[in-house]
Amino acid sequence: MDYKHYQKQLEERKYEIETRLMENDKFGLNRGFASDMASGELSQYDNHPADSGTELYDREKDIALLGHLREELSDIQYSLKQMEKGTYGVCEETGQPIPEDRLEALPTARTIAHQSPNQDISTDRPVEEDVIHSMESAYGESSADPDYNEQDAYEQVAKFNQSSMTYDGSSNIESEDGVGYVEEYESFVSTDMEGNTGPDSVHFERNVHYDKYMDEEDPNA
(Lines give C-alpha, C1' and ligand atoms only; values in the text may rest on other atoms or scores of the structure.)
Protein backbone atom coordinates (compact mmCIF):
# COMPACT_ATOMS: atom_id res chain seq x y z
CA MET A 1 0.00 0.00 0.00
CA ASP A 2 1.00 3.61 -0.57
CA TYR A 3 1.33 5.35 2.78
CA LYS A 4 2.55 8.71 1.44
CA HIS A 5 -0.74 10.31 2.45
CA TYR A 6 -0.27 9.21 6.08
CA GLN A 7 3.41 10.15 5.99
CA LYS A 8 2.55 13.69 4.92
CA GLN A 9 -0.12 13.91 7.60
CA LEU A 10 2.28 12.70 10.30
CA GLU A 11 5.07 15.05 9.23
CA GLU A 12 2.70 18.05 9.26
CA ARG A 13 1.48 17.16 12.73
CA LYS A 14 5.06 16.63 13.91
CA TYR A 15 6.04 20.08 12.65
CA GLU A 16 2.96 21.61 14.29
CA ILE A 17 3.78 20.09 17.69
CA GLU A 18 7.47 21.01 17.57
CA THR A 19 6.61 24.59 16.54
CA ARG A 20 4.07 24.90 19.34
CA LEU A 21 6.52 23.64 21.97
CA MET A 22 9.17 26.03 20.71
CA GLU A 23 6.93 29.09 20.60
CA ASN A 24 5.50 28.66 24.09
CA ASP A 25 8.82 27.45 25.52
CA LYS A 26 7.30 24.10 26.48
CA PHE A 27 4.42 25.84 28.29
CA GLY A 28 6.90 27.82 30.37
CA LEU A 29 7.71 24.80 32.50
CA ASN A 30 11.43 25.45 32.30
CA ARG A 31 10.91 28.32 34.74
CA GLY A 32 10.29 27.75 38.42
CA PHE A 33 6.74 28.15 39.69
CA ALA A 34 7.76 30.69 42.32
CA SER A 35 9.58 32.75 39.73
CA ASP A 36 8.13 36.18 39.05
CA MET A 37 8.42 35.39 35.32
CA ALA A 38 6.27 32.29 35.73
CA SER A 39 3.52 33.54 38.04
CA GLY A 40 3.81 37.30 37.68
CA GLU A 41 4.21 37.71 41.45
CA LEU A 42 7.24 39.08 43.25
CA SER A 43 6.37 36.79 46.13
CA GLN A 44 4.11 33.78 46.54
CA TYR A 45 3.19 35.06 49.99
CA ASP A 46 0.77 37.85 49.20
CA ASN A 47 -2.68 39.06 50.13
CA HIS A 48 -4.40 36.86 47.58
CA PRO A 49 -3.52 33.18 48.17
CA ALA A 50 -6.38 32.22 45.84
CA ASP A 51 -4.35 33.69 42.99
CA SER A 52 -1.57 31.28 43.78
CA GLY A 53 -4.12 28.46 43.72
CA THR A 54 -5.23 29.53 40.26
CA GLU A 55 -1.63 29.70 39.08
CA LEU A 56 -0.98 26.22 40.48
CA TYR A 57 -4.04 24.86 38.65
CA ASP A 58 -2.83 26.39 35.38
CA ARG A 59 0.63 24.95 36.05
CA GLU A 60 -0.76 21.45 36.52
CA LYS A 61 -2.82 21.82 33.36
CA ASP A 62 0.27 22.85 31.41
CA ILE A 63 2.13 19.80 32.72
CA ALA A 64 -0.68 17.55 31.51
CA LEU A 65 -0.83 19.23 28.10
CA LEU A 66 2.94 18.95 27.70
CA GLY A 67 2.78 15.27 28.59
CA HIS A 68 0.09 14.61 25.97
CA LEU A 69 2.02 16.43 23.26
CA ARG A 70 5.24 14.61 24.07
CA GLU A 71 3.46 11.27 23.94
CA GLU A 72 1.85 12.14 20.61
CA LEU A 73 5.19 13.32 19.22
CA SER A 74 6.84 10.09 20.31
CA ASP A 75 4.13 8.05 18.56
CA ILE A 76 4.56 10.08 15.38
CA GLN A 77 8.32 9.61 15.36
CA TYR A 78 7.86 5.88 15.91
CA SER A 79 5.40 5.65 12.99
CA LEU A 80 7.77 7.53 10.68
CA LYS A 81 10.56 5.08 11.54
CA GLN A 82 8.19 2.22 10.76
CA MET A 83 7.67 3.70 7.31
CA GLU A 84 11.42 3.77 6.74
CA LYS A 85 11.66 0.10 7.76
CA GLY A 86 8.62 -0.88 5.71
CA THR A 87 6.66 -2.18 8.70
CA TYR A 88 4.12 0.63 8.91
CA GLY A 89 0.48 -0.44 8.68
CA VAL A 90 1.15 -3.94 10.04
CA CYS A 91 -0.35 -5.00 13.36
CA GLU A 92 2.42 -5.66 15.87
CA GLU A 93 0.32 -8.27 17.65
CA THR A 94 -1.18 -10.34 14.83
CA GLY A 95 0.84 -9.37 11.77
CA GLN A 96 -2.36 -8.50 9.93
CA PRO A 97 -2.67 -5.32 7.83
CA ILE A 98 -4.24 -2.45 9.75
CA PRO A 99 -7.46 -1.31 7.96
CA GLU A 100 -7.28 2.01 6.16
CA ASP A 101 -10.25 3.33 8.11
CA ARG A 102 -8.31 2.88 11.34
CA LEU A 103 -5.17 4.50 9.94
CA GLU A 104 -7.25 7.38 8.61
CA ALA A 105 -8.65 7.98 12.10
CA LEU A 106 -5.39 7.19 13.94
CA PRO A 107 -2.27 7.32 11.73
CA THR A 108 -0.07 6.26 14.66
CA ALA A 109 -1.99 3.02 15.24
CA ARG A 110 0.29 0.05 15.87
CA THR A 111 -2.35 -2.68 16.08
CA ILE A 112 -5.75 -3.53 14.70
CA ALA A 113 -8.67 -2.24 16.76
CA HIS A 114 -9.47 -5.28 18.91
CA GLN A 115 -5.78 -5.76 19.76
CA SER A 116 -5.36 -2.22 21.06
CA PRO A 117 -4.08 -2.11 24.64
CA ASN A 118 -6.50 0.75 25.41
CA GLN A 119 -9.58 -1.46 25.68
CA ASP A 120 -10.07 -1.33 29.43
CA ILE A 121 -12.77 1.01 30.70
CA SER A 122 -12.12 2.47 34.12
CA THR A 123 -14.61 1.45 36.78
CA ASP A 124 -13.54 4.17 39.20
CA ARG A 125 -16.49 6.28 40.28
CA PRO A 126 -16.62 9.56 42.23
CA VAL A 127 -16.80 9.09 45.99
CA GLU A 128 -19.83 11.40 46.06
CA GLU A 129 -21.89 8.61 44.51
CA ASP A 130 -21.57 6.63 47.75
CA VAL A 131 -23.37 9.44 49.57
CA ILE A 132 -26.09 9.56 46.94
CA HIS A 133 -26.60 5.79 47.13
CA SER A 134 -26.73 5.93 50.93
CA MET A 135 -29.42 8.62 50.74
CA GLU A 136 -31.40 6.52 48.29
CA SER A 137 -31.12 3.50 50.58
CA ALA A 138 -32.00 5.45 53.72
CA TYR A 139 -34.96 7.36 52.34
CA GLY A 140 -36.01 5.22 49.44
CA GLU A 141 -35.79 8.12 47.02
CA SER A 142 -33.87 8.40 43.78
CA SER A 143 -33.42 11.08 41.16
CA ALA A 144 -34.41 8.42 38.64
CA ASP A 145 -37.77 8.05 40.39
CA PRO A 146 -40.50 9.75 38.35
CA ASP A 147 -42.07 10.92 41.63
CA TYR A 148 -38.80 12.53 42.76
CA ASN A 149 -39.19 16.22 43.55
CA GLU A 150 -36.00 18.26 43.19
CA GLN A 151 -37.48 20.94 45.46
CA ASP A 152 -37.16 18.48 48.35
CA ALA A 153 -33.40 18.10 47.79
CA TYR A 154 -32.52 20.48 50.61
CA GLU A 155 -34.73 18.63 53.07
CA GLN A 156 -33.01 15.38 52.15
CA VAL A 157 -29.56 16.84 52.73
CA ALA A 158 -30.68 18.59 55.94
CA LYS A 159 -31.65 15.22 57.40
CA PHE A 160 -27.92 14.46 57.75
CA ASN A 161 -27.50 17.41 60.12
CA GLN A 162 -28.30 16.17 63.60
CA SER A 163 -27.40 19.39 65.42
CA SER A 164 -29.93 22.07 66.14
CA MET A 165 -29.65 25.28 64.15
CA THR A 166 -30.96 27.38 67.04
CA TYR A 167 -29.64 28.10 70.51
CA ASP A 168 -30.94 29.62 73.72
CA GLY A 169 -31.66 33.27 73.23
CA SER A 170 -31.48 33.02 69.47
CA SER A 171 -33.67 35.39 67.52
CA ASN A 172 -33.98 32.85 64.73
CA ILE A 173 -37.10 31.26 66.17
CA GLU A 174 -40.61 30.75 64.99
CA SER A 175 -43.65 32.15 66.71
CA GLU A 176 -46.86 30.25 67.24
CA ASP A 177 -48.22 31.57 63.96
CA GLY A 178 -45.14 30.27 62.09
CA VAL A 179 -43.60 33.68 61.35
CA GLY A 180 -39.81 33.55 61.71
CA TYR A 181 -37.38 36.47 61.88
CA VAL A 182 -33.78 37.36 62.55
CA GLU A 183 -34.28 40.94 63.65
CA GLU A 184 -37.15 43.36 63.81
CA TYR A 185 -37.85 45.13 60.55
CA GLU A 186 -40.51 47.52 59.38
CA SER A 187 -43.18 46.55 56.93
CA PHE A 188 -42.35 47.07 53.30
CA VAL A 189 -43.86 46.49 49.90
CA SER A 190 -42.54 44.00 47.37
CA THR A 191 -43.26 42.65 43.90
CA ASP A 192 -42.35 39.49 42.06
CA MET A 193 -39.63 39.21 39.42
CA GLU A 194 -41.94 40.77 36.83
CA GLY A 195 -42.00 44.05 38.74
CA ASN A 196 -44.97 46.32 39.26
CA THR A 197 -47.57 45.17 36.78
CA GLY A 198 -50.58 46.47 38.66
CA PRO A 199 -52.14 46.65 42.12
CA ASP A 200 -52.37 42.87 42.38
CA SER A 201 -48.59 42.52 41.93
CA VAL A 202 -47.75 44.65 44.99
CA HIS A 203 -47.59 42.88 48.34
CA PHE A 204 -47.16 44.25 51.85
CA GLU A 205 -44.57 42.31 53.85
CA ARG A 206 -45.56 42.69 57.47
CA ASN A 207 -43.69 41.59 60.57
CA VAL A 208 -45.79 40.94 63.65
CA HIS A 209 -42.65 40.84 65.79
CA TYR A 210 -41.80 44.40 64.78
CA ASP A 211 -45.26 45.55 65.79
CA LYS A 212 -44.88 43.85 69.18
CA TYR A 213 -41.41 45.39 69.54
CA MET A 214 -42.79 48.87 68.82
CA ASP A 215 -45.66 48.36 71.26
CA GLU A 216 -43.20 47.40 74.00
CA GLU A 217 -41.03 50.44 73.27
CA ASP A 218 -43.95 52.86 73.06
CA PRO A 219 -47.35 51.51 74.07
CA ASN A 220 -48.98 54.69 72.77
CA ALA A 221 -47.46 54.32 69.28
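The values are calculated or read from the model by the stated rules, or taken from the named source; none is laboratory data. Keep in mind that this is a model prediction, so the values were computed, not measured. Please note: Cβ atoms are built from the backbone with ideal geometry, for glycine as well, and neighbour counts cover all protein chains shown. What goes into the accessible areas is simple: the full protein's heavy atoms, side chains included, and nothing from ligands, DNA or RNA. Shrake-Rupley method; radii C 1.70, N 1.55, O 1.52, S 1.80 Å.
For the residue pair Lys8 and Asp130, what label-to-label distance in nm results when each label sits 7 Å from Cα along the Cα-to-beta-carbon direction?
5.6 nm
From the phi of every residue in region 19-28, what ³J(HN,Hα) in whole Hz does the Karplus formula 6.51 cos²θ - 1.76 cosθ + 1.60 yield, where θ is phi - 60° and glycine or proline is x?
5, 4, 5, 6, 5, 9, 6, 6, 6, x
Under a point spin-label approximation (7 Å from Cα along Cα-to-Cβ), what is the His114-Glu18 distance to one decimal in nm?
3.9 nm
I'd like the accessible area for Asp2: 1.4 Å probe, protein heavy atoms, all chains in place, Å² to the nearest 10.
110 Å²
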